[in-house]
Structure formats: C-alpha cells, structure tokens
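Scroll down for the structure; my scribbles are underneath it.
The values are calculated or read from the model by the stated rules, or taken from the named source; none is laboratory data. Note that the structure is predicted; figures quoted are calculated from it, not measured. Positions of Cβ are backbone-derived with ideal geometry, glycine not excepted, and every protein chain shown enters the neighbour counts. Accessible surface areas use protein heavy atoms only, side chains included; no ligands, DNA or RNA. Shrake-Rupley method; radii C 1.70, N 1.55, O 1.52, S 1.80 Å.
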Amino acid sequence: MQTDHPTPGAPAPGSPDRAARRAVTVFPLLVLAAGGLGLAAPGAFGGWKESVPYLLGVVMFCMGLTMTPRDFEGVARRPWAVALGLVAHYVIMPGLGWLIAHALDLSPQLAAGVILVGCAPSGTASNVVTYLARGDVALSVSVATASTALAPLVTPPLTLLLAGEYLPVDAGSMVADILKTVLLPVVAGLVVRLCFGAYADRVLGALPWLSAGTVAVIVAVVVAGSAEAIKSAAGPVFVAVVLHNGLGLALGYGAGRAARLGAPASRAMAFEVGMQNSGLAASLATAHFSPLAALPAAVFSVWHNVSGAVVAAWMSHRARRAAA
C-alpha cells in the first residue's frame, strides 16, 4: 500500500489514503480472526497450500497498481538516504533474526522461519504507517520500492547464509519464486497503472482492503498447515516476533538519527526497517521449508501492524507537541 503524499495531512473522505488508514487499522483484527479460523478449522484449508504464491501475487499486483514513476524518481533524487535505508533494512533485520533464533534456541524449522522474515523486503503497509506517524513518506516509498526490486537478488543469498545452518536452502529456486510472486506482479500492476491510469484510479480505494483480505487468507492457510504444532510453539514464536519487530523499529530509527537524516526521515526509517513483507516470507517458508517454518511470518503479519499503528500514534503525538 503506497501513498504519494510527501507530508502528513488529513485525507479527504473516501480518498485512497482514508481507505488505507482504515485498512491498516482493521488489518490486525482481520488477520487475527483468519489465524483463529485456520487454527479452529484446519481441514477447511487443507488443499490451499499450493495457492499461497498466487495469493501473494495478488497482493503484489495491488502494490504495483498503487505505484507511479514518481516512486522510482525518488530513489534517484535521494540516493544516499535510500541506500542507507536499504543497507539498514537488509543488515539489521536478517542479523536480528539470526541472533534471536540463537538466543532463544529455536528449533531448526522456527529458526529458519524467523531468519527468512528478517531477509524479506519492506512490508507493504510501511508507507501508510509512516504517513500516520507524520514521517517522510517520500523516503519510505523510495526505500520500499527499492527493497522490493532488489529482493530477488538479496533475500535468497541472505537466507542461505544465515539459515543454511538450520535447513537446506535452495537459493536458485527461491530467486525464481520471488521473481514470479513479487517482481512480475508488481511490474504488471505498474504497467496496468501506466496504460489504464484513469480506470486504475477508480479502484485505488479498494486495493488496501483487497490486499488485507488476501494476506488474511494466506495467514489462515499457514496457520492451518501447522495447527498441531502451534500450541507448543506459539510462546517462543511470539517472543521472537516481538523482539525482532521491536528491535528493528528502534534500530531503524536510530540509524536515521545517527545519519542525521532528521526526525521525519528517521521515523520513516524505523518502519522501513522494522516492518517486513511477511506475506512473502510465509509463501517462501511454506514452499521451501514447511508450514511450521511459516508460523513466524504469520505471527509477524499480525504483530507488526499492531506495533506499527501504536508506534505511529506515539510518534505523531510527539511530532505535534514539538511543532506546537
């Protein structure tokens, strides 16, 4: 979910931004309900495992529909800040995933899942949450765009490097999967937006809801696939996810401040580092490891939206007080 507004403001009623704000608020509840459904009735999703990559493709196509050439121009206009965001994202979160997996002595399947979440690109809701936090949305969009474009080149080798000690990792096959389920749908959405912009603009308000609903279905399928193991693994996974997300938000913000990017840009950095494309992580874990390995991504899908909304509200409150 992208937004082109460079500075925070009150979105007009019925606008795509207003729809995005509502979706990111309701999204955690929707995903939590989907996870509960998958846990309560796992048989209902028994044959859905193969559909997860296609569902993720729908989410990424929606992301492409929200993009414009301005998103890519932003990368060229601020190369230093975007490069810092990319390095922070792809160093901090994978490193934290590896450290947390070791510190909590997670099982190989769960450790690989936590690391894979850390190696994923920025989360699709990070731009909206940055907007709510009164952060630098233009920087957020640029970093999210670049991290998604680089995912086929960065995510598989990082996963092989850090998770290879736990489970075999077929990096080549993972590259192909990311190209098919992330890059191609995003490019297709962008092409549709460029060729049929007037028609695409009419459905922008529905895209956050379509994305949220599709991710919820992915979570239900992932949870259903490991329903038997969740009772014993839920505690350690939740601790791992909270630590991973919380430290990522804090270190991302700290990286922005250390680089003297300013408060709005530092708020953007917090969410671009701490929020992950957990839908991609769940899809890759299901395809390359096991449904249990996808459990950290499913929990992350819920938690990072809850924490992101809370931290955004706190940051927005502080920014208003500082401006007063």
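Key figures for this structure:
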{"item": "Residue check, PRO264 in a helix (DSSP H, G or I) and not small (Gly, Ala, Ser)", "result": "yes"}
{"item": "Options GLY225, GLY189; residue that is modelled with pLDDT under 85 and either closer than 15 Å to GLY113 by Cα or small (Gly, Ala, Ser) (or both)", "result": "GLY225"}
{"item": "Residues (in a helix (DSSP H, G or I), crowded, with 19+ Cβ neighbours inside 10 Å and touching a residue at least 40 places away in the same chain (Cβ under 8 Å)) located in the range 156-173", "result": "LEU158, THR159, LEU162, ALA163"}
{"item": "Pick from the range 56-81, criterion in a loop (DSSP other than H, G, I, E, B) and open to solvent by 10 Å² or more (accessible area, probe 1.4 Å), ranking: modelled with the highest pLDDT", "result": "ARG78"}
{"item": "Matching entry among ALA111, ALA125, ALA144 (being touching a residue at least 12 places away in the same chain (Cβ under 8 Å), closer than 18 Å to LEU292 by Cβ and open to solvent by less than 10 Å² (accessible area, probe 1.4 Å))", "result": "ALA111"}
{"item": "Residue match in the range 308-322 (condition: at pLDDT below 95, open to solvent by less than 20 Å² (accessible area, probe 1.4 Å) and under 14 Å from the mean Cα position of the chain (by Cα))", "result": "yes"}
